1. Here is a list: LEU357, LEU300, LEU313, LEU341. Which entry is over 29 Å from LEU265 (Cα atoms) and of a type in the set (A, V, I, L, M, F, W, C)?
2. Return the only residue of TYR358, TYR330 being out of contact with any strand residue (DSSP E or B) (no Cβ under 8 Å at 6 or more places or on another chain), modelled with pLDDT of 90 or more and buried (at least 18 other Cβ atoms within 10 Å of the Cβ).
3. For the list (1) more than 8 Å from the ligand (Cβ to nearest atom); (2) at pLDDT 70 or above; (3) open to solvent by 30 Å² or more (accessible area, probe 1.4 Å), I need the number of the one condition that SER457 fails.
4. Among the residues of region 130-184 satisfying the criterion of being over 17 Å from TYR95 (Cα atoms) and among the β-branched types (Val, Ile, Thr), which is modelled with the lowest pLDDT?
5. Being in contact (Cβ under 8 Å) with a residue 24 or more places away in the chain, assigned to a loop (DSSP other than H, G, I, E, B) and more than 26 Å from TYR49 (Cβ to Cβ) is the filter here, so list the residues in region 83-120 that pass it.
6. Given the residues VAL334, VAL348, which is the only one that is in the same structural domain as PHE469 (by TED's automatic domain parsing) and under 20 Å from VAL442 (Cβ atoms)?
7. Please tell me if VAL322 is β-branched (Val, Ile, Thr), touching an Asp or Glu at 6+ places or on another chain (Cβ under 8 Å) and surrounded by 12 or more Cβ atoms within 10 Å (Cβ to Cβ).
8. Considering only residues that are open to solvent by less than 80 Å² (accessible area, probe 1.4 Å), part of a helix (DSSP H, G or I) and within 30 Å of PHE29 (Cβ to Cβ), which ones fall in region 205-240?
Amino acid sequence: MKTAENQTEKKKRSGKSLSFILWASFTVFSFALIAIFGVVQNMLLYREYREQTVAEVREAGEALTAKVRLSERLDGDELEVYLHDLSKKNSVNAYLLSADGTRSLPETETDFVPVVAEIRTRLKEAGGEDVVFKPNKQEYAFVSSVTVSGESGYVYVTSTSQSMAEISGTLRLRTVITGLFALLLSFVVSGFVSMLIARSVTDVTEKAKLFARGDYDVKFREDYYCTEISELSETLDYAREEISKADKMQKELIANVSHDFKTPLTMIKAYASMIREISGSDPVKRDAHAKIIIEESDRLTALVNDLLDISKLRAGMGALRVGVFNLSEYLFAVTEKFDYLSQTQGYVIEREIEEDLYTRADQEKIGQVLYNLIGNAVNYTGADKKIVVRLYGKGKVSRFEVVDSGNGIAPEEIDGIWERYYRSAETHKRPVKGTGLGLSIVKTVLESHGFRFGVLSQVGKGSCFWAEFPAPEAEDEESPKNL
Ligand code: ADP
């Protein structure tokens, strides 16, 4: 059922393949590059062409004008030869035109009458000076007015060099050819790159599938071509470790919970049977047995309560009811709950509590934290039965510390103790009831507040559990709520 669902999902999956994306990007990129190149080339070439043509036309035109103006008389044949040479040398067409445009030297089939009309306008615009202009889209022309053998006329020189259209035609062809090469190249390169990347991605995906099927032994980490993919595989490895830890812990939790439920239940059943069968008529024994039943029921209640607390906290249900309160007074009140241990079992609880330190937090939940930490210190402290409870201002926070003189916690166990249902191998006879959930509750509460906490411990010497409670913001301090 599930696999069938997965398959339909696969079919519907949107998005493009990595190779396609790479190929498309490479192609677009190379085309864009070629297009930009083509346009820029065209523009530059056009400018160069224009400048060169204008220079050619002007040079020839000025030379011819000078010659005509300086000569007293001009021999027609000699002039024709000169015009021919000039045209050839400068790749222009050089003419001498009569004022009305009906005659030209050299003679051609071109009708210069309309040309002369434009020449007049241009010269007029230029105030009679020599001028270069564009008679049509492709040509440039130089014109000046001269007098040949007493008759006024014009020097008219036009460009003959390859037209711009032809040049850009050639350029376009070249651009297209280069574009085709680029396309081919982008095929090859994108294929190669996508092969390198896609291979690693596929590899990671395959492993992730195995992992999803519950194989916690897959190793994602490998030296992939891409750092990002190597990083991804490292992250997946981390997730795998965490998930397998959580999985293991969950199994342990169930085992531990069932075990811890079983013992009191067995006891309750055994003593209830004993009351019915043996001690029912003996008030002293009956009371003693009933007491055990009550104690065991209390233990079960405590266990159930802790379990409920923790799942509520984890599920984010028990929303924080945050307020400002006097932490010093509150801590003092919590330590008083342990006074019966001093009176009956010789525990020494030293209080070094600085007065009137306030914080802003969920008072009830913080109470649970303090109670659990002090309770643990009582449970695990050494033979001297001494515990120190401290609270002092440290910059912007109030630091709470509870120090015991017990066996401490081995460095390799330190990370584990905060986990749900963690219990070190040793079992103690505890004056305060422990369920193995105490520190997990502490961690969840303090983390949900965003407060810092931790433990310093030395094996054989004892432990110091600490937490830091930030002082309330200035506006919160106006109405401090006492206990
Ligand atoms: P428990 O009910 O077992 O005390 P906790 O969650 O409060 O459960 O603590 C988890 C474990 O951390 C304990 O079983 C113990 O091994 C260790 N631990 C907690 N507090 C101390 C301490 N003050 N000294 C030494 N070990 C401690």
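The values are calculated or read from the model by the stated rules, or taken from the named source; none is laboratory data. Keep in mind the model is a prediction, meaning the values are calculated, not measured. Backbone-built Cβ (ideal geometry, glycine too); neighbour counts: all protein chains shown. Surface areas here come from the heavy atoms of the whole protein model, side chains and all, with no ligands, DNA or RNA. Shrake-Rupley method; radii C 1.70, N 1.55, O 1.52, S 1.80 Å.
1. None of the other options fit; the residue is LEU357.
2. Result of the check over TYR358, TYR330: TYR330.
3. Answer for SER457: the failing condition is (1).
4. Filtering first and then ranking leaves ILE167.
5. Hits for region 83-120 are ALA99, PRO106.
6. Within the list VAL334, VAL348, the selection yields VAL334.
7. Working: β-branched (Val, Ile, Thr): yes; touching an Asp or Glu at 6+ places or on another chain (Cβ under 8 Å): yes; surrounded by 12 or more Cβ atoms within 10 Å (Cβ to Cβ): yes.
Yes: the conditions hold for VAL322.
8. Hits for region 205-240 are THR205, ILE229, SER230, SER233.
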